[in-house]
Amino acid sequence: MASQNLQSVPAELSPEEVEREKAGQAYFERIIAEDSRIEPRDWMPEAYRKTLLRQISQHAHSEIIGMQPEANWITRAPSLKRKAILMAKVQDEAGHGLYLYSAAETLGQSRDKMMEDLIAGKARYSSIFNYPAVSWADMGAIGWLVDGAAICNQVPLCRASYGPYGRAMVRICKEESFHQRQGFEILLELSNGTPAQKQMAQEAVNRWYAPSLMMFGPPDDDSPNSRQSMAWNIKRFSNDELRSRFVGMIVEQVKVLGLELPDKDIRYNEETRKWEYGPLDWEEFKNVLAGRGPCNSQRLERRRQAHDDGAWVREAAAEYARKQAEKEYAA
Amino acid sequence: MTTANSGNMEHDTDFAHEGHGDISVGVSGAGASGDGSASATRITPGNALRPEDIALEVRRGTAKPSEDVAEYALRLGDDALILAQRLGHWISRAPELEEDVALGNIALDQLGHARSFLTYAGGAWDKSEDDLAYFRREHEFRSAHLFEQPNGDFAVTIARQLVVSYYQYALYSRLMQSADPTLAAIAAKAVKEVDYHRDHSAQWVLRLAGGTEESRRRMIQGLRLVWPYVEEIFEDDELTTRLAERGVAALPSSLRQEFDNRIAETLAEAGLDVPDVPQSLGGGRAGRHSEHLGYILAEMQVLAREYPGASW
């Protein structure tokens, strides 16, 4: 890794600058080797900065776009208690988006720019939010499966080598576990309800099972960025490893729910000590990623519209703040 | 339910201790938060009164509203519920993420107040908060017209919030001394939250009025749109007169002076005038509503009515 990074030092640096770069790089490598934390002012390789910026901003975008399928049910939640829980959950997601944008900003990009990229369709977010939430039971399945998968992914990120990211993840993970629990409770209640409610729950699990497994990303042999992220202590476990753990977790939980996972191939392999599952439709995954999911265009349009409709409010707030500062300066 | 996560976690003890996300809390109902019975609905910390506590008292018979008190609680609950329903629509559509959070917070507070008032009201008729929210028709709702006014643009929502929060602050401050201990307890919790709503709306009125030409124009228009519905919330009738005489209710007209004074202060600071517009006739307290309420209820009640008797 050292020689690779040396090559990235531009040739036109003065000798002092080259020394500084070398010292920074040595510090970075020592921190990574010690499994300690890099902070915003520390020297870091450009590729490390870019990788993190991409990952954290995508994560933030996912929180923000992920508000939509659930916000879709706030006004129709079937009891006031469920309505309160759902509102609190969607509100938490806005909060998660805020911490994550702040963490990403420490890497040198403004939230405005990130939002601009999202609306322009230049940035990615978790593909799963391009599926529609068509029934109330989807609120349960999203909480249980989608948030459950997110937790499996995110718990190891609490130890990510970049300090602001790891710290943001600690708080987010605490709230995510509440989210998963509320989803599980919704499904449990439906499963123990009328036959029509139970069917609603089963259909939601059928819809969200495979997309939630694909949230961990492509199989390891088709995941080009994973190796470097693991070397940098950003990512701790491979996509397939996390996916297998997730399957092992939900295969037990689904029994408590009295529902079934739509996958007859799930089994625990004693030799590899890993959970195995049936084939996933990676073609569909690529299609949704490429913008051909059922809701890609709707989700972005909604974000764009909220952003555009709010432009005059943000301008007013900025202008008011400027005038106030001017008054204080004059006084 | 603990079996749900014990199985495979034995293979994965390192993972369970990986970080702070304690996935086991996800379904076992105990653990990291330190309060196994904590519910995600418990949005107010400490020992604040929750709708569940009121429901328990109602069941035990330690809190039993008279017909009059129940009618009064129904009015307050319906106001808060319809507003929560309106505000909930903003979540994921606000001008800034910070406002998604803020408006969501206010909606949640209102919903919490609604649940408390409706739970208490239902005690008189053996009905739950959900019976009252989901299985009444338009003419059975007792909310004032102000609360069902459409969100409009952000300025209209802020104008409605200004009126509501100043009114509710005056109301709940007085209700804290109600002779009815349950109403007093609900008000004592609500007043702290409404105090924040008041600050939120006043700050935005100042920003929008003093921001750009466009924001000022929209703020003025927003105030003009909601002002016709101010009169109704301060109208007395037989019920409030009877209850006020017994020290249970705050007579609506008696809150008007404080409301006018505080509104005048805030609008003066923003360089705005109190809108001079005709006052609408109202009628919400008697079940006469605008066209808006039908749509609000259609959306709110659709799922519950599709599965009558179901538990969620």
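The values are calculated or read from the model by the stated rules, or taken from the named source; none is laboratory data. As the structure is a prediction and not an experimental result, all values here were calculated from the model. We place every Cβ from the backbone using ideal geometry, glycine too, and count neighbours over all the protein chains shown. These accessible areas exclude ligands, DNA and RNA; they are computed on the full protein's heavy atoms, side chains included. Shrake-Rupley method; radii C 1.70, N 1.55, O 1.52, S 1.80 Å.
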Here the residues within the stretch B:209-229 that are open to solvent by less than 40 Å² (accessible area, probe 1.4 Å) and in contact (Cβ under 8 Å) with a residue 60 or more places away in the chain are B:A209, B:G210, B:S215, B:M219, B:G222, B:L223, B:V226, B:W227
All conditions in (1) in contact with a His (Cβ under 9 Å, 6 or more places away or on another chain); (2) within 15 Å of B:V226 (Cβ to Cβ); (3) not aromatic (F, W, Y) are true of B:G152 except (1)
By residue number, the members of the stretch B:113-154 that are within 13 Å of chain A (Cβ to nearest Cβ), among the polar types (S, T, N, Q) and within 27 Å of B:R217 (Cα to Cα) are B:N151
Checklist entry - Within the stretch B:98-113, is even one residue over 22 Å from A:A94 (Cα atoms) and open to solvent by less than 40 Å² (accessible area, probe 1.4 Å)? => result yes
By my count, helices (runs of 4 or more DSSP H) wholly in the stretch A:225-331 with at least 2 residues that are open to solvent by less than 40 Å² (accessible area, probe 1.4 Å) are A:226-231, A:239-257, A:296-309, A:311-330
Residue hits (the stretch A:114-131; open to solvent by 50 Å² or more (accessible area, probe 1.4 Å) and not basic (K, R)) are A:E116, A:A120
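Quick grid of which residues meet (1) more than 10 Å from chain B (Cβ to nearest Cβ); (2) among the small types (G, A, S); (3) out of contact with any Cys (no Cβ under 6 Å at 6 or more places or on another chain):
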site	(1), (2), (3)
A:D222	yes, no, yes
A:N233	yes, no, yes
A:S238	yes, yes, yes
A:S244	no, yes, yes
A:Q253	no, no, yes
A:Y277	yes, no, yes
A:V313	no, no, yes
Subset of the stretch A:95-125, residues more than 28 Å from B:N105 (Cα to Cα) and touching a Gly at 6+ places or on another chain (Cβ under 9 Å), comes to A:G121
Residues of the stretch B:284-306 being of a type outside the set (A, V, I, L, M), open to solvent by 10 Å² or more (accessible area, probe 1.4 Å) and either assigned to a helix (DSSP H, G or I) or free of Cβ contacts under 8 Å to residues at least 24 places away in the same chain (or both), in sequence order, are B:R285, B:E291, B:H292, B:G294, B:Y295, B:E299, B:Q301, B:R305, B:E306
> Has the stretch A:192-212 got any residue that is buried (at least 18 other Cβ atoms within 10 Å of the Cβ), more than 30 Å from A:A84 (Cβ to Cβ) and either in contact with a strand residue (DSSP E or B) (Cβ under 9 Å, 6 or more places away or on another chain) or more than 10 Å from chain B (Cβ to nearest Cβ) (or both)?
Replying inline: yes
Residue hits (the stretch A:65-85; within 9 Å of chain B (Cβ to nearest Cβ) and either in contact with a His (Cβ under 7 Å, 6 or more places away or on another chain) or under 18 Å from A:S177 (Cα atoms) (or both)) are A:M67, A:E70, A:T75, A:R82, A:A84, A:I85
Considering only helices (runs of 4 or more DSSP H) wholly within the stretch B:24-99, the ones with at least 3 residues that are at the interface with chain A (Cβ under 9 Å from one of its Cβ atoms) and either in contact with an Asp or Glu (Cβ under 9 Å, 6 or more places away or on another chain) or at pLDDT 90 or above (or both) are B:67-88
Condition (residue is under 25 Å from A:I64 (Cβ atoms) and either among the hydrophobic types (A, V, I, L, M, F, W, C) or touching a Pro at 6+ places or on another chain (Cβ under 9 Å) (or both)) applied to the stretch A:246-262: is it met by at least one residue? yes
The residue that is farthest from the other protein chains (Cβ to nearest Cβ), considering only those in the stretch A:93-113 that are surrounded by fewer than 22 Cβ atoms within 10 Å (Cβ to Cβ) and not in a loop (DSSP other than H, G, I, E, B), is A:K113
Taking the stretch A:134-146 and keeping residues touching a helix residue (DSSP H, G or I) at 6+ places or on another chain (Cβ under 6 Å) and open to solvent by 10 Å² or more (accessible area, probe 1.4 Å) leaves A:S135
Reported set for the stretch B:118-154 where residues are of a type in the set (A, V, I, L, M) and open to solvent by less than 10 Å² (accessible area, probe 1.4 Å) is B:L118, B:A121, B:L132, B:A133, B:A144, B:L146
In the stretch A:19-47, anything assigned to a helix (DSSP H, G or I), of a type in the set (A, V, I, L, M, F, W, C) and open to solvent by 40 Å² or more (accessible area, probe 1.4 Å) is listed as A:A23, A:A26, A:A33, A:A47
Those residues of the stretch A:129-172 which are more than 11 Å from every other protein chain (Cβ to nearest Cβ) and of a type in the set (V, I, T) amount to A:V134, A:I142, A:V146
Exercise. Can you spot a residue in the stretch A:189-202 that is under 22 Å from A:S126 (Cβ atoms) and either modelled with pLDDT of 95 or more or under 15 Å from the mean Cα position of the chain (by Cα) (or both)?
Worked result: no
Within the stretch B:290-312, residues being under 19 Å from the mean Cα position of the chain (by Cα) and at the interface with another protein chain (Cβ under 9 Å from one of its Cβ atoms) number 4
Picking from A:E326, A:E276, A:E271, the residue that is more than 22 Å from the chain's Cα centre (by Cα), charged (D, E, K, R) and within 30 Å of B:D100 (Cα to Cα) would be A:E326
Condition set polar (S, T, N, Q) and open to solvent by less than 20 Å² (accessible area, probe 1.4 Å), scope the stretch B:155-208, selection nearest to the other protein chains (Cβ to nearest Cβ): answer is B:T157
